[in-house]
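The block underneath contains the structure these notes are about, expressed in structure tokens.
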Amino acid sequence: MKFAIALFSAAHAPSSRRALLFAQAALAGGHQIVRLFFYQDGVFNASDAVVTPQDELDLPKQWRAFISEKQLDGVVCIAAALRRGVLNEEEARRYQRNAASVSAPWELSGLGQLHDAVQDADRLICFGGA
Amino acid sequence: MPKSVLIISRQSPWSGPGAREALDIVLAGGAFDLPIGLLFLDDGVLQLAAGQNAKALQQKDLSANLQALPMFGVEELFYCAESANARGLGKRSLDEAEPLSAEHITALIDRYDQVITL
């Protein structure tokens, strides 16, 4: 089955851990993930600026490793990210901010990428919504 | 046939960016000519309250964006009748939105291929 996964909660939220576990289980079960889309506070999962206490699960680090290793499409909504101060080098330059915290494998893009993934996937699975 | 998507908007208009960000998904879908529905549920029905004063909160008015939905090709607009009654929602903006009972909401969710709740 082809899954699209959308995550709406910040890195410290339980639903964000569940999203990662689900994504890992989906691939382990032989399914495909067409895209991971990070929206609302979910954009914080892509931030290198999150510092997790040593004895806690470092979710941004785990997402990064998972997306890199499995060569997945990890897309962060650009409007949601800008609003929350989660910028890549390009956006930091554009808005003259000295605060880039997102880099490859993450990609900043628009909400069209969510709709595109929803159309492509058999199932959309959302985590951390209201 | 493109897949249909129902957005369920559950956040009150001024509790944070949630309501606007739910609406942005709807508008983006409309821009791509996708079959999009929007259901206001729970505190989300407060987005429909008439006579909101966004300026007093130093915010941008969301209701103007809501009024524009039919122009953006989003015509399937619904709100939960029970949520509206429970919150004493009186005069509403967005006349196009149709009140639905819990039973009809179940059927509505069933009708769409994908659902996003925000």
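Overview of values
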read-out: ³J(HN,Hα) computed for each position of the range A:76-83 - Karplus, 6.51 cos²θ - 1.76 cosθ + 1.60, integer Hz, glycine/proline x; value: 9, 5, 5, 5, 5, 6, 4, 4
read-out: R0 of 30 Å, Cβ-Cβ distance A:ASP48-A:ALA28: FRET efficiency to nearest 0.05; value: 0.65
read-out: From phi via Karplus (6.51, -1.76, 1.60), per-residue ³J(HN,Hα) for the range A:121-130 in Hz, x at Gly/Pro; value: 8, 6, 9, 9, 10, 9, 10, x, x, 6
read-out: Stretch in chain B that is longest and holds no GluC sites (Glu not before Pro) that DSSP places in a loop and that have at most 15 other beta carbons within 10 Å; value: B:1-74
read-out: Mean projection area, nm², convex hull over Cα of the range A:2-127; value: 7.3
read-out: Cβ-based net charge around B:LEU77, under 13 Å, with every Lys or Arg adding one and every Asp or Glu removing one; value: -4
read-out: Debye log10 I(q)/I(0) at q = 0.11, 0.16 Å⁻¹ for the range B:11-118, Cα point scatterers; value: -0.32, -0.69
read-out: Low-density loop positions, GluC sites (Glu not before Pro), the range A:36-130 - DSSP coil, at most 10 other Cβ in 10 Å; value: A:GLU56
read-out: Cα-based shape type of the range A:47-121, given that a ≥ b ≥ c are square roots of the gyration tensor eigenvalues and the cut on a/c is 1.5; value: oblate
read-out: Scattering profile of the range B:32-89 at q = 0.22 Å⁻¹ [log10 I(q)/I(0), Debye over alpha-carbon scatterers]; value: -0.95
read-out: In degrees, nearest ten, helix B:18-31 long axis to first principal axis of chain B (Cα); value: 40
read-out: Contact order normalised by residue count of the range A:2-127, Cα under 8 Å, 6+ apart, percent; value: 35
read-out: Cross-link reach list, lysines versus A:LYS70, counting only Cα pairs under 16 Å and skipping chain neighbours closer than eight places; value: A:LYS2, A:LYS61
read-out: Efficiency of FRET from Cβ geometry, B:ASP113 and A:ARG93, R₀ 35 Å, rounded to 0.05; value: 0.35
read-out: Relative contact order, percent, chain B [alpha-carbon distance under 8 Å, six or more residues apart]; value: 36
read-out: Two-decimal log10 I(q)/I(0) for the protein assembly as shown, as the Debye equation yields it once each C-alpha is a single scatterer, q = 0.12 Å⁻¹; value: -0.72
read-out: Calculated P(r) of the range A:9-82 - Cα pairs past 17 Å, %; value: 41
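Just so you know, all these numbers are worked out from the coordinates, no wet-lab data involved. For clarity, every value in this text was computed on a predicted model and none was experimentally measured. No Cβ is skipped: glycine too gets one built from the backbone with ideal geometry, and neighbour counts run over all protein chains shown.
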